[in-house]
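Here the structure is laid out as structure tokens; the discussion comes afterwards.
The values are calculated or read from the model by the stated rules, or taken from the named source; none is laboratory data. Just so you know, these numbers come straight off a predicted model, no measurement behind them. Cβ placement follows ideal geometry from the backbone for every residue including glycine, while neighbour counts extend to all protein chains displayed.
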Amino acid sequence: MSLVPPVITRVADEGVDRVLRAIRAAVAELQGVPIVGGKSITVTIGNNANKWIPHNLRRPAKLHISPPRGGASSTGRVTDITEEAGVSEDRTKVVVLRASGWGVPITVDVWIY
């Protein structure tokens, strides 16, 4: 998806024109932030299980994981194990998460960018 350049107009009032230029600059800066090209994926991970999440962003992936849903206790954790020994997946195509200590399968939102 390509972004359409904004229509640039000039306003007679210099103060308003200065504010519009500042807004355009802020929007242009935000469009360059990696999260704009990211993905949000909802996944269910079994207790003490690994979950492969393909994303195909073609760049090294960073991720944020939401708090779990699904009646889980508060003692578990979700860990990114993509680069651990025995897994070693290509981070530009897939990330691997492990949920442990929850007692039940959990559902989380994963933001990959």
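Which members of the stretch 23-47 meet the condition of being exposed (fewer than 11 other Cβ atoms within 10 Å of the Cβ), modelled with pLDDT of 85 or more and either assigned by TED's automatic domain parsing to the domain that holds PRO67 or among the acidic types (Asp, Glu) (or both)?
Answer for the stretch 23-47, where residues must be exposed (fewer than 11 other Cβ atoms within 10 Å of the Cβ), modelled with pLDDT of 85 or more and either assigned by TED's automatic domain parsing to the domain that holds PRO67 or among the acidic types (Asp, Glu) (or both): just THR42.
Could you list all residues from the stretch 1-22 that are under 29 Å from HIS64 (Cβ atoms) and modelled with pLDDT of 65 or more?
VAL4, ALA22
Within the group GLY101, GLY86, which residue is at pLDDT below 80 and either of a type outside the set (Lys, Arg) or surrounded by 13 or more Cβ atoms within 10 Å (Cβ to Cβ) (or both)?
GLY86
Which of the residues spanning the stretch 59-83 are part of a loop (DSSP other than H, G, I, E, B), exposed (fewer than 13 other Cβ atoms within 10 Å of the Cβ) and either modelled with pLDDT of 85 or more or among the small types (Gly, Ala, Ser) (or both)?
Passing the criteria: PRO67, GLY70, GLY71, SER73, SER74.
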